[in-house]
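One structure below.
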Amino acid sequence: VSRRDLAGRRVLITAGGTREAIDPVRYISNRSSGKMGYALAREAIRRGAEVTLVTTPTRLPLPEGAEVVPVESAEEMHKAVIERFDAVHVVVKAAAVADYRPAAPAEQKMKKQADRLFLELVRTPDILAELGRRKRGQVLVGFAAETNDLEAHALDKLRRKNLDLMVANDVTTPGAGFSVDTNIVTLFDRQGGKETLGLMTKDEVACRIFDRVIQ
Ligand code: C5P
């Protein structure tokens, strides 16, 4: 079906895992592939939205028709998202943002020294929590990838970050989470609604998420 139910709407989507520099050639990252975020961008474009995709480097083809903003670190993503927030109607934060970054990235490539190396990490800004504090009518959608106590953690983040919709997935379940083309998610909304979706492709999950955003 072709629904143009996002026509005239500006949708910002973040995708991929952030990279936090250790030195000029090394970084800390995570297993996010960017697939869920790219599926969301394609679906929003299909529905007529004006889409901005803030993305870390991935192996995926860029969605046609999206404005693409390339970033690497959590701080770069933070800046890109905050700058655009007032001008958009919907934000979907599918990116896996690092919670910590190296405190002082080395300016030169680090040399091998002792047997042990201690790396000091500091917290990155929680982008979504900041959007939750700043929002003025935007629909905010967050993701929670959990390995345990899925519902409790998802509901806690929904409230704490002042979201409208939380997409929770148990990353320990086969067919769900990082790298694969499918996902098994539960949608929690701020009104207390809970919708458990079965195993489906990330394209289908994207469609169901925007069905809820429209509501
Ligand atoms: O890391 P956490 O499980 O709290 O992530 C939940 C949501 O918050 C995700 O949508 C993620 O993109 C977002 N997040 C963020 N900035 C961070 C950490 C997480 O926007 N520093």
Along region 169-185, Karplus-curve 3J(HN,Hα) (6.51, -1.76, 1.60; θ = phi - 60°) to the nearest Hz, with x for Gly and Pro, reads 10, 8, 6, 8, 6, x, x, 10, x, 5, 6, 6, 8, 10, 8, 10, 10
To the nearest Å², the heavy-atom accessible area per residue of the chain with 1.4 Å probe amounts to 54 Å²
Checking region 111-215 for chymotrypsin sites (Phe, Trp or Tyr not before Pro) in a loop per DSSP with at most 14 other beta-carbon atoms within 10 Å yields F118
Note on the chain, DSSP bridge orientation, antiparallel percent to nearest 5 equals 40 percent
Links exceeding 25 Å between C-alpha atoms in this model, out of K35/K112; K93/K135; K93/K202, come to K35/K112
Toy charge model, Lys and Arg Cβ at +1, Asp and Glu Cβ at -1: the chain dipole around Cα centroid in debye, rounded to 20, equals 260 debye
Within the chain, excluding any GluC sites (Glu not before Pro) found in a DSSP loop (not H, G, I, E or B) and having at most 15 other Cβ atoms within 10 Å, the longest uninterrupted segment runs 121-215
For Y100, other-chain or 5+-apart residues with amide H closer than 5 Å (H placed, Pro excluded) are T124
Relative to the chain, whose Cα atoms define the longest principal axis, helix 74-85 and its Cα axis are tilted in degrees, nearest 10, by 30 degrees
Note, region 22-29: 3J(HN,Hα) by Karplus (6.51, -1.76, 1.60, θ = phi - 60°), whole Hz, Gly/Pro = x, goes 9, 7, x, 10, 10, 8, 9, 9
At R0 = 22 Å the Cβ-Cβ FRET efficiency linking R212 and E83, nearest 0.05, sits at 0.25
For F143, other-chain or 5+-apart residues with amide H closer than 5 Å (H placed, Pro excluded) are K93, V167
Helix 202-214: inclination vs the chain longest Cα principal axis, degrees, rounded to 10, gives 60 degrees
Taking a straight Cα-to-Cα line shorter than 23 Å from K111, and setting aside same-chain lysines fewer than 8 residues away, one finds none
The local net charge around V51, scoring Lys/Arg +1 and Asp/Glu -1 for residues other than V51 whose Cβ lies under 11 Å from its Cβ, equals +1
To the nearest 10 degrees, the tilt of helix 35-46 (Cα long axis) against the first principal axis of the alpha carbons of the chain is 40 degrees
Length gained, D23-E204, 0.36 nm per residue minus C-alpha separation, equals 61.2 nm
The chain: longest segment with zero exposed trypsin sites (Lys or Arg not before Pro), where exposed means DSSP loop plus at most 12 other C-beta atoms within 10 Å, is residues 137-215
For region 20-70, the accessible surface attributable to carbon and sulfur atoms (probe 1.4 angstrom, ligands and nucleic acids excluded) amounts in percent to 51 percent
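The values are calculated or read from the model by the stated rules, or taken from the named source; none is laboratory data. Please read these numbers as outputs of a predicted model, since none were measured by experiment. With ideal geometry, Cβ positions are generated from the backbone for all residues, glycine too; neighbour counts draw on all protein chains shown. Note: accessible area is taken over every heavy atom of the protein model, side chains too, but ligands, DNA and RNA are not part of it. Shrake-Rupley method; radii C 1.70, N 1.55, O 1.52, S 1.80 Å.
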